[in-house]
Amino acid sequence: VVFLSFSKVSDSAWILNLAAVLKVGIALVLGCLGIWFGVTYGFANDMSPETFLPAFDTNSLTYLSIILFNFMGFEVICTMTDDMADPARDIPKAIIVGGLSIAVIYLFAGFGIGAAVPADSIDPDYGMIVAVQTMVGDSMIFKVICIAFLITLFANMAAWSFGVNSVARYAAEHGNMPKVFASMISDDDMPNGANLVNAVVASLVLCLQLVPIDAISNGVFWMLFGTSVVFLLLTYIPMFPAFLNLRKNDPDRERIFTFPFKGAMMKVMLAIPCIELILAIVATLVPLSAAE
């Protein structure tokens with residue numbers, strides 16, 4: 001990921017497109033295998049439509065922040081508007097079509113997992129892999145899906161790093177982050193300073209898994225994931241008052257998109273997502289399940 005971030009290949013859409021194709025392929029294969037497995041051997045869970053709806057109990061609320069986390073990243077596309085022919089058309093189209101497509105694909109993949117593994121036995125780390133292995137064993141299909149899944153994780157990290165490095169550089173250039181993030185700009189305009197800081201911090205964090213204590217090494221992923229969810233949710237909260245401030249102090253600027261609310265109603269509509277984010281943070285930090 002770091003190596004790619006040093007070159008203009010990071011601006012190429014092939015990385016994102018490759019990950020998208022592989023994700024869709026994995027989801028389709030998983031869903032189709034679930035149908036085959038259920039028809040042949042019986043379904044491991046009740047697959048009636050109502051079981052796919054949220055239960056709205058304390059156990060479900062525990063996963064609220066994870067659900068919100070899955071939606072984060074849509075806004076990163078806005079950092080690539082210079083490469084779009086018509087951002088006003090392309091961005092809403094990508095968000096709406098992409099959002100609906102992702103919902104359908106994930107539901108189909110979830111159906112495949114639920115067909116093979118009882119819901120209370122799904123492993124939070126290897127749920128999808130175990131489901132595929134349950135259905136087809138250690139066959140070539142299983143190995144191909146495992147490799148494709150690893151590639152999608154790599155592509156996800158690459159895409160996130162490219163966006164984060166660009167935003168960090170922009171913030172540093174405007175005095176909102178340390179200057180090191182805006183340093184060492186290459187001849188082809190790559191933010192090498194931000195990339196190196198990202199590389200060093202990520203490497204040091206990953207070294208925590210080398211601690212020879214099972215409680216630490218085995219739980220470090222979910223500890224770091226929970227921490228990253230909280231901090232990521234926190235970073236979204238200031239965006240809404242910042243939006244309000246920009247609209248107030250620079251009302252005549254020409255903008256691609258218009259906000260449909262004015263005055264007090266604008267404040268109310270901006271306060272709602274802030275409250276939702278705060279509740280999601282609370283749900284992440286405070287165990288809401290009686291079993292925890």
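The values are calculated or read from the model by the stated rules, or taken from the named source; none is laboratory data. These numbers were taken from a predicted model, which means no experiment stands behind them. Every residue, glycine as well, gets a Cβ built from its backbone with ideal geometry; the counts of neighbours run over all protein chains shown. For the accessible areas, the whole protein counts, side chains as well, though only heavy atoms, and no ligand, DNA or RNA atoms are used. Shrake-Rupley method; radii C 1.70, N 1.55, O 1.52, S 1.80 Å.
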Using 1/(1 + (r/R0)^6) with R0 = 30 angstrom and r between the beta carbons of Trp14 and Lys248, what's the FRET efficiency to the nearest 0.05? 0.15
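Please compute the per residue accessible area over the chain with all protein chains in place, 1.4 Å probe, rounded to a whole number of Å². Intermediate values should be presented prior to the final figure.
Numbers: 18620 Å² over 292 residues.
Dividing the accessible area of the chain by its residue count gives 64 Å².
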Give me the Å³ per residue figure for the convex hull around the C-alpha atoms of region 85-216. 210 Å³
Solvent-accessible surface (1.4 angstrom probe) belonging to Ser228, in square angstrom, nearest 10: 50 Å²
Quote the charge dipole size of the chain about the Cα centre in Debye, to the nearest 20; the model charges only the Cβ of Lys and Arg (+1) and of Asp and Glu (-1). 520 debye
Neighbours of Asn245 by Cβ distance under 14 Å: Lys/Arg at +1, Asp/Glu at -1, summed charge +3
What is the Cα centroid distance between region 119-159 and region 236-269, reported in whole angstrom? 42 Å
Taking protein heavy atoms only, a 1.4 Å probe, and rounding to whole percent, the accessible area of the chain owed to carbon and sulfur comes out at 71 percent
May I ask for the angle, rounded to the nearest 10°, between helix 263-285 and the longest principal axis of the chain, with both axes built from Cα atoms and the value confined to 0 to 90°? 50 degrees
